[in-house]
1. Just for the stretch 338-353: of the residues that are assigned to a loop (DSSP other than H, G, I, E, B) and among the hydroxyl-bearing types (Ser, Thr, Tyr), which one is least open to solvent (accessible area, probe 1.4 Å)?
2. Condition test on Thr170, is it at pLDDT 95 or above and either in a helix (DSSP H, G or I) or open to solvent by less than 10 Å² (accessible area, probe 1.4 Å) (or both)?
3. So Pro173 passes all but one of these: (1) without any contact (Cβ under 8 Å) to a residue 24 or more places away in the chain; (2) in contact with a helix residue (DSSP H, G or I) (Cβ under 9 Å, 6 or more places away or on another chain); (3) closer than 27 Å to Gly325 by Cβ. Which condition number does it fail?
4. Name the single residue, out of those in the stretch 369-395 being open to solvent by 60 Å² or more (accessible area, probe 1.4 Å) and not in a helix (DSSP H, G or I), that is nearest to Asp223 (Cα to Cα).
5. In the stretch 59-87, how many are modelled with pLDDT under 95 and of a type in the set (Asp, Glu)?
6. Mind checking which strands (runs of 3 or more DSSP E) fall wholly inside the stretch 231-277 and carry at least 1 residues that are surrounded by fewer than 19 Cβ atoms within 10 Å (Cβ to Cβ), in contact (Cβ under 8 Å) with a residue 12 or more places away in the chain and touching a helix residue (DSSP H, G or I) at 6+ places or on another chain (Cβ under 7 Å)?
7. If we keep just the residues of the stretch 15-25 that are out of contact with any Pro (no Cβ under 7 Å at 6 or more places or on another chain) and not hydroxyl-bearing (Ser, Thr, Tyr), which is least open to solvent (accessible area, probe 1.4 Å)?
8. Is it the case that Ala326 is small (Gly, Ala, Ser) and surrounded by 19 or more Cβ atoms within 10 Å (Cβ to Cβ)?
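The values are calculated or read from the model by the stated rules, or taken from the named source; none is laboratory data. Keep in mind that what you see is a predicted model, and the values were worked out from it rather than measured. Don't worry about glycine lacking a Cβ; one is built from the backbone with ideal geometry, like all the others, and counts go over all protein chains shown. The accessibility values were calculated without ligands, DNA or RNA, using every heavy atom of the protein model including side chains. Shrake-Rupley method; radii C 1.70, N 1.55, O 1.52, S 1.80 Å.
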Amino acid sequence: MHQALSTMPALTGNLDTDENALAWAARDYGGTVHDRPAAVLRPADAADIGALIKHAREHDLAVVPRGQGHSTSGQSQVLGGVVIDMTAVSAIHEVGADRVVVDAGARWSDVLRATLPHGLTPPVLTDYLELSVGGTLSVGGLGGASHHHGAQTDNVISLDVVTPTGDVVTCSPDANRAVFDAVRAGRGRNGVIVRATLRLVRAPEIVAWHKLSYGTIGQFVADQRQLVTAGGFDYVEGQLKIREGEHVAELEAVAFAGRGDLAGLSFREAETQTVTYWEFVDRLAPGEPVLREAGLWESPHPWCNLLVPSSAAEELLHHADGELGADLYSDFGLVLAYPLRTDRISTPLLRLPADDLVFLVAALRYAPAASPEIVSAMQEANGHLVSRTLAAGGTLYLDPL
């Protein structure tokens, strides 16, 4: 145990130093970094977090918050320090006419279960709903609706934060603005978000979900640019993958009112279905058991998330498409690629390329367990993607710290 922990003030929650707690905190979804902390705090409230941070500050002890641990490069780990298990504070407190108040450890799926009965939804959701509110607000939170509504961090009304000095403050665009801007997309290093008041909008009951397939990456990219510039669809997101031995470029375009206008697009085939809003936003849920059964949920995931200028997107995606396959992605891997309008994103710490449109490009790789050579090859391939992106004026979205 770190010597400073023996003099910790009394806490309402638990400070765990047992083997199970430390091993749990030394692993994230990426599975490639294993930094073991000295302890794990399961706080009862913000006061516990504040007391820990004040004590850690006095004893030069590093502290990192962890939500669902879905980071991929050890961002929610800390060697020899203290990991705060934010899932211990996960209540949903109030659903209002245009907002919801939730603890940072609440999952977005639980937020939706609370708001949808009122006909309300957060404007922007990430693809996977089992992430914590505090976790995605700490990195930005981008999704298929970001070309309309910006990042999740652009849809926050106020936050309760434990600052690096251990003080608990409420911040918003009008109060403690410096703190508000420092913790949104601040990677948990500029303060710990403990509660959030989030903006809500009317949720549709039924959506028209179009899956469009393309013969070329150029057409795939051009149609995405056209769709987000015109703004006629509520959700736009694309992906490159190999399925049944064939390269697939697929664009999802979703309309919340009516079916949306597909005229003038260059897709080769279209599949359209009408589903409930919940069925659409929770569409990744059926895939999790499949990945678990295949042994790829607990295996390493050397993922790479980039923000690429629109002018460089097609060239980078051609490169990414060329390396798709079992060796560098497994049979389940894919490349996400979808455009964002930079005029809709105002979070200061969310660094964007200098372009009106930028593409989020994410190489989602799945490595077999106990295959360090394959993990190394995937990380090397990520390095090439990063170098190409930076040379083109792009940035890293979820960069290692």
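1. Step by step, filter the stretch 338-353, then rank; the result is Thr347.
2. No: the conditions fail for Thr170.
3. Pro173 satisfies every listed condition except (3).
4. Only one residue tops the list, namely Ala369.
5. 1
6. 246-255
7. Ala21
8. Answer is no for this residue.
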